[in-house]
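Trainee: Before anything else, here's the structure in question.
The values are calculated or read from the model by the stated rules, or taken from the named source; none is laboratory data. Computed from a predicted structure; not experimentally measured. Here the Cβ positions follow ideal geometry from the backbone for every residue, glycine too, while neighbour counts run over all protein chains shown.
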Amino acid sequence: MTSTPTILRLDEATVARIAAGEVITRPARVVAELLDNALDAGAGRIDVTVDGDGTQRIRVADDGCGLSRADAQRAIERHATSKLPTAADPDLTSVSTLGFRGEALAAIADCATLELVTNDGRAIGTELRVKNGDVTVTSAGRPQGTTITVTDLFADRPARRESLAGQAAEFGRISELVARYTLARPEVRFSLTHNGNESLSTSGSGFQDSLLGVYNAETASRATTIEHSTTIDHDTSDGDLTVRGICCYPSVTRSTRDHVRVSVSGRPVTDTGLRQAVVRGYGSLIAGNRYPIAAIDVSPPDRTVDPNVHPAKQEVGLTARQAIEAGVETAVSEALTTADIRRTEDAATDLGTELQAVDRSDPFSQVRVIGPFRDLYVLCEDGDELLVVDQHAAHERVNYERLRATLAEEGVPTASIEPPETVSVSPAASAAAESHAELLAELGFDVVPFGGDTLRVAGLPAPLGRVADVDLLIETLDQLAGGHQPDDQRESLLADLACHPSLKAGDRLTTTEAEQLLDRLGECEQPFACPHGRPTVCSLDESTLAAGFERGSTRFR
Ligand code: ADP
Ligand code: MG
């Protein structure tokens, strides 16, 4: 807890500098403002209670620094804030607290009944009630901290009331909001109660516990934490960037980006660029139409953040955006590279089990091949786990990484076709062949436009000793015509090349071939997913078998 700050009034010029806007548009905005205040007050524990759609009652109780009686009275005045260095010359670019506009409490009191019970550590606390502009002040017993209760929100604003979306949707927003704060401030204990039922609670012991509170034990057990520091330089100076957070393994995905949550110095934001950087960190581990579950907090050097950009404070201005996004991407991808992201069928529900980063030098060095299963899978023994390797997916991963390496050095080898074949393609594909001639050559295609929509194919890629067929060219041109980003394009073409049926290995593997496949897979940078994001290895724990066979223990005794 921090010492009680003294509240100062902002001068008019400062007020004008701050983009105010209308802050309180729906119940979730009230919750956001109250959470910001509680966190700014140094709370270690925050309990949120909501009744109905939030217009009936919202209460936020914290154990922060609390307010003196005089400060409590000033706190509800418009443009009163304790959060600037000096009121005379406020330096808005260095403010690190969540709120500093000094208008939230006043705005809430404008459109609801507000009750504030607070104690800054004295024997007697203060209770303040604001209703229709009338303020009553009394004494109240309360341990240090502040409880703000907002009732009858928008009672006299029918238009606002009508624009609300109903209890489920409004509470849904509040619950998502609390989830975001929970994941942005994993060291704070949060709880959320709706109509008397607790819908979320965390113990404030870190990211894993926050994830457990927001999702469930299974999701929390399939995640790895991130702790990454780097120095970034930008125009004025350089400073440290810290990226902390948690990201679920690529085997846990969702169909929307909503589960990628980002915060800047503990402030949740809906920043598209940062979220995209997180997704990029997963690279090819996740299929293009799927999204990860991740929560990332970025602490950039102070002077690179301008929190004033968005009136509801959801977006921030980052002056070193590129460097920061690159740092986020690296942090996520490094965390995933060192994590053991094998898909396990028996989700460890026990959180006591440590999710240690496994030394990835050769993940399969202890693995013994048992044999093939249905000519699709290789079964292996790995200590007390049964590994099932998808041989095609594994092969694709190996091919993909080799291709990437060759391409970086000399480009994919080409096998010439004698005599050259002519193929007719769509006008779009033909245009793509012309505009991407260089990339095609790099990928091992030897193609020349031959008038109209005909192409002459004199050579096809022959990576790893196998020659692709003309279908691959057609697919590649379609992709190029589809207009992906140039960088993505290269990656996704490589992935396609690696997976193309014409390049796939034969079906039944001998034990020696299976062992070689595992050796090669073990050398991969990212052995546990194929280039399109499907898993290459599933594992089944012996204890799962023991449970299935109703054995008391996994061993004979
Ligand atoms: P701002 O947060 O922008 O300063 P608010 O209207 O949200 O403006 O709050 C006004 C002032 O009231 C804050 O600056 C702070 O000093 C005080 N305050 C509000 N909520 C709390 C709280 N939960 N604990 C301690 N002080 C608070
Ligand atoms: Mg505030």
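Trainee: Is it true that A123 is within 16 Å of ligand 2 (Cβ to nearest atom) and surrounded by fewer than 22 Cβ atoms within 10 Å (Cβ to Cβ)?
Mentor: no
Trainee: Oh, and also: Considering segment 182-232 alone, what residues qualify as being at positive phi and either without any contact (Cβ under 8 Å) to a residue 60 or more places away in the chain or in contact with a Ser or Thr (Cβ under 9 Å, 6 or more places away or on another chain) (or both)?
Mentor: Within segment 182-232, G196, G204, G206 meet the criteria.
Trainee: Can you name every residue in segment 206-228 that is buried (at least 23 other Cβ atoms within 10 Å of the Cβ) and among the hydrophobic types (A, V, I, L, M, F, W, C)?
Mentor: Selection gives F207, L211, V214, A220, A223, I226.
Trainee: Criterion first (at pLDDT 95 or above, within 16 Å of ligand 2 (Cβ to nearest atom) and hydroxyl-bearing (S, T, Y)) does T118 satisfy it?
Mentor: So T118 passes the test.
Trainee: L34 is checked against (1) at pLDDT below 95; (2) near ligand 1 (Cβ under 8 Å from one of its atoms); (3) assigned to a helix (DSSP H, G or I) and fails just one. What number does that condition carry?
Mentor: With (1) at pLDDT below 95; (2) near ligand 1 (Cβ under 8 Å from one of its atoms); (3) assigned to a helix (DSSP H, G or I) applied to L34, the lone miss is (1).
Trainee: From the list V260, V252, pick out the single residue that is among the aliphatic types (A, V, I, L, M) and at pLDDT 85 or above.
Mentor: Result: V260 is the single residue among V260, V252 that is among the aliphatic types (A, V, I, L, M) and at pLDDT 85 or above.
Trainee: Of R161, R173, R142, which residue is within 29 Å of P268 (Cα to Cα), surrounded by fewer than 18 Cβ atoms within 10 Å (Cβ to Cβ) and away from ligand 2 (no atom under 16 Å from the Cβ)?
Mentor: Of R161, R173, R142, the one residue that is within 29 Å of P268 (Cα to Cα), surrounded by fewer than 18 Cβ atoms within 10 Å (Cβ to Cβ) and away from ligand 2 (no atom under 16 Å from the Cβ) is R161.
Results for (1) over 19 Å from L494 (Cβ atoms); (2) modelled with pLDDT of 85 or more; (3) buried (at least 17 other Cβ atoms within 10 Å of the Cβ), shown as yes or no for each residue.
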| site | (1), (2), (3) |
| --- | --- |
| I417 | yes, no, no |
| E421 | yes, yes, no |
| A432 | no, yes, yes |
| L460 | no, yes, yes |
| P463 | no, no, yes |
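Trainee: Another question, if that's okay. What number of residues within segment 249-282 are outside any helix (DSSP H, G or I) and charged (D, E, K, R)?
Mentor: 4
Trainee: On to the next question. Given the conditions (1) surrounded by fewer than 16 Cβ atoms within 10 Å (Cβ to Cβ); (2) farther than 20 Å from P363 by Cβ, report the number of the one that H532 does not fulfil.
Mentor: (1)
Trainee: Here's a check for you: in segment 237-257, which residue that is without any contact (Cβ under 8 Å) to a residue 60 or more places away in the chain and surrounded by fewer than 16 Cβ atoms within 10 Å (Cβ to Cβ) is farthest from V188 (Cα to Cα)?
Mentor: S255
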